[in-house]
Amino acid sequence: MGKNKKIRLKGRLRIYLQAMILLGVLLVLVNLFTYFLSVQAGLFLSAFVVVYFIIILLLMNYNRPVLINELVSFATNYGQIQKTLLRELELPYAVLDDNGKIIWTNTSFETVTHKEKGYRKNISTLFPSLTVDKLPRQVEETQETIEFEDRIFQAKMKKISITDMTEGSAVISAPEYDGFLVALYLFDETALQLALKENDNQSLCVGLIYMDNYDEALESVESVRRSLLTALIERKIDKYISAYDGIVKRMEKDKFFVVLRKESVRQLRDLKFDLLEDVKTVNIGNEMAVTLSMGFGCDGLSYTQNYEFARNAIDLALGRGGDQAVVKTPENVIYFGGKSQSVEKNTRVKARVKAHALREIITAKDEVLVMGHRLADVDAFGSAVGIACIAKALDRNVHIVLEDITQSLKPIVDYYKEEMDGAEDLIVDRNAAMAYAGANSVLIVVDVNKPSITECPELLKSVKSIVVLDHHRQGTEVIENATLSYVEPYASSACEMVAEILQYIGDEVKISTAEADCMYSGIIVDTNSFLSKTGVRTFEAAAYLRRSGADVTRVRKMFREDASDYKAKAEAVRQAEIYNEHYAIAICPTAGVMSPTVVGAQAANDLLNIVGIKASFVFTEYQGKIYISGRSIDEVNVQVILEKLGGGGHMNIAGAQLEGVSIWDAIQMLRDVLEQMTREGELK
């Protein structure tokens, strides 16, 4: 009872209990007023007031301790109930300190994690992804998706400030303490994620399948059997797609439209689109195996967007030489196949059409800018010279953008400047090129289709009309919104393509001896003196340039090597490592070498002369970067290999540039790629 007397009521409950006293005071005032009316009535009411106060005081004195005891008991039971409810809450719940150490857990949390009550280790011992940096420090609440024993949880972590908890406490005070507790809730989303995944797997992907060499394959078989060859290939495609619950519809003689579930496309990816190899087995006497190009679009916001992705993917597949599958999503582009050589087209119809289109574009502009890739080689410069010849013949102002002239390119540039009037003003640097760029100018990009490695990437944004002429296989990064794009991976060089265009551009276009020498030099360099990637049209282009005055002896003299360059190349070959019996890996010395990247490329060519070597890779450290030159004859696609290191190129000639790594790290990266591709069956 003594303890109860020290407990005081407050708030509305206190006012409620004091209401009878207040009413008694009001009654006393009424009693005083009654005496003015009647003394007898006042005495009678006074007696009533006395009795009233006696009863009220007795009741208050008796009920107050009983009421306080009931309230104290209720509060105690209420706190216990809250603790029990939280302990037995079906939602897994835990309290952590600001370092992630577990302080308290409820029964559901212990059941999920299979830990006994009193487990006090760090939360990362249970869920490795919930590290200290994932705790809510600068924000009030964070969440993280975690996986635990084949179950998926959404972990929500709420910050509880200890300063707020101690505010008003009579025991402790922590006004400047910045520590906190974390309330961790685990929401089981396994069923939801499975449902979302299943729904995602059922979403439709759009695909396009093209026959790369339809006409050429039909020409290689007897006329009476051509329909049989077409029927066999169509049946194989239809059977293959139908096996994955897909729909295939023939749009044209060599084009098919495909609809597949996303899960089916994933299965095809796991099998690396084995239809690419399977269709090559169709043989009814045809000398040339049929190859396919496949493009799939997935994860678009609509079916229309998936179709656009598929169109972009099939363009990439064709631009990279065909015989491959490309899967495009909003996030990335994935390539499969590409093991066959590009099939050279015997017809020049496309070259004639592109030549006429180029003529129309140039004549509609006042200023023509021609640009190759950074650290331009002879092919880039020679093709730029050919385009400049066309622009001058059409009476247009033209400039070649050339910033850094390498030692290997210098003889050609000097020769061109000596032989051609006005050549000094024709070649400009980046700053001057930006000044010439305007609304009525056209930019022609030669020997490159990757914007980041062009001579002046800023020009691509300054000029609205862009033309691309290139012979490299396209990668993920391409020059977009080009007015005219002429990319032919089967061509040996950009100079070969420009030489063909020159023959169809118009009778008024005549090339000089110096211009013919520059273009002939580009073909010589890119084909390694006609030893690699040469076709019928390569020799026809070379013959046209010879008729125009190109001199083989003069070109050869310009490409004689400096003694230091020759020694560096020989040293690279001498120290070459034979990796996995079939791959030559070497480092090109740079001391005293003016153009180490060119010497590295030449060393890679020489390494292919070793018996048993399928591909060669030469590493050169130059201007803070690691340059890789990859070469092969016909057994290995070096483009696919170096694409995994951020590079690209042709099946037989490719390169890559690496930054922020040492030359030994770069070599190890290449070894890892070769090991992975061999393990996955991409290399044999």
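Some observations on this one:
- Output for the stretch 230-272, where each listed residue is assigned to a strand (DSSP E or B), under 13 Å from CYS205 (Cα atoms) and in contact (Cβ under 8 Å) with a residue 24 or more places away in the chain: VAL248, PHE257, VAL258, VAL259, LEU260, ARG261
- Residue match in the stretch 406-417 (condition: hydroxyl-bearing (Ser, Thr, Tyr), in contact with a helix residue (DSSP H, G or I) (Cβ under 6 Å, 6 or more places away or on another chain) and not in a helix (DSSP H, G or I)): yes
- Just so you know, in the stretch 453-469 the residues that are polar (S, T, N, Q) and part of a strand (DSSP E or B) include one that is surrounded by the fewest Cβ atoms within 10 Å (Cβ to Cβ), and it is SER465.
- Comparison of ALA491, ALA435, ALA482, ALA439 shows that the only residue that is among the small types (Gly, Ala, Ser), outside the structural domain of GLN324 (by TED's automatic domain parsing) and in a helix (DSSP H, G or I) is ALA435.
- For the residues VAL413, VAL378, the requirement of being touching a residue at least 60 places away in the same chain (Cβ under 8 Å) and either within 41 Å of the chain's Cα centre (by Cα) or outside the structural domain of ILE523 (by TED's automatic domain parsing) (or both) singles out VAL378.
- All positions within the stretch 553-564 that are free of Cβ contacts under 8 Å to residues at least 60 places away in the same chain, surrounded by 12 or more Cβ atoms within 10 Å (Cβ to Cβ) and in a helix (DSSP H, G or I): ARG554, VAL555, ARG556, SER564
- Single residue of LYS410, LYS450 found to be surrounded by 19 or more Cβ atoms within 10 Å (Cβ to Cβ) and of a type in the set (Lys, Arg): LYS450
- If you go through the stretch 619-631 and keep only what is surrounded by 24 or more Cβ atoms within 10 Å (Cβ to Cβ) and touching a Leu at 6+ places or on another chain (Cβ under 7 Å), you end up with ILE628, GLY630, ARG631.
- One residue stands out among those in the stretch 309-335 that are among the polar types (S, T, N, Q) and assigned to a loop (DSSP other than H, G, I, E, B): the one that is farthest from PRO489 (Cα to Cα), which is THR329.
- Top-ranked residue of the stretch 645-684 - restricted to ones that are in contact with a Lys or Arg (Cβ under 7 Å, 6 or more places away or on another chain) and polar (S, T, N, Q), ranked as surrounded by the most Cβ atoms within 10 Å (Cβ to Cβ): ASN652
- Filter pass, ALA191 being within 30 Å of LYS262 (Cα to Cα) and at pLDDT below 85: yes
- Residue within the stretch 502-510 that is among the small types (Gly, Ala, Ser), in contact (Cβ under 8 Å) with a residue 12 or more places away in the chain and within 26 Å of ASP315 (Cα to Cα) present: no
- Count - residues of the stretch 644-657 that are of a type in the set (A, V, I, L, M, F, W, C) and in a loop (DSSP other than H, G, I, E, B): 2
- Taking the criterion of being assigned to a helix (DSSP H, G or I) and farther than 17 Å from CYS588 by Cα, the residues of the stretch 658-681 that qualify are MET669, ARG671, ASP672, VAL673, LEU674, GLU675, GLN676, MET677, THR678, ARG679.
- Residue within the stretch 535-546 that is in contact with a His (Cβ under 7 Å, 6 or more places away or on another chain), touching a residue at least 40 places away in the same chain (Cβ under 8 Å), surrounded by 14 or more Cβ atoms within 10 Å (Cβ to Cβ) and in the same structural domain as VAL378 (by TED's automatic domain parsing) present: no
- Some residue of the stretch 637-644 being touching a Leu at 6+ places or on another chain (Cβ under 7 Å), over 13 Å from TYR579 (Cβ atoms) and surrounded by fewer than 23 Cβ atoms within 10 Å (Cβ to Cβ): no
- TYR622 being farther than 26 Å from ARG320 by Cα and either aliphatic (A, V, I, L, M) or in contact with a Pro (Cβ under 6 Å, 6 or more places away or on another chain) (or both): yes
- Tally of residues being out of contact with any Ser or Thr (no Cβ under 9 Å at 6 or more places or on another chain), loosely packed, with under 13 Cβ neighbours inside 10 Å and in contact (Cβ under 8 Å) with a residue 24 or more places away in the chain across the stretch 565-595: 1
- Once the stretch 218-256 is narrowed to residues that are basic (Lys, Arg) and touching a strand residue (DSSP E or B) at 6+ places or on another chain (Cβ under 7 Å), the residue that is nearest to MET288 (Cα to Cα) is LYS255.
The values are calculated or read from the model by the stated rules, or taken from the named source; none is laboratory data. This structure is a prediction, so every number in the text was calculated from the model and none was measured. Backbone-built Cβ (ideal geometry, glycine too); neighbour counts: all protein chains shown.
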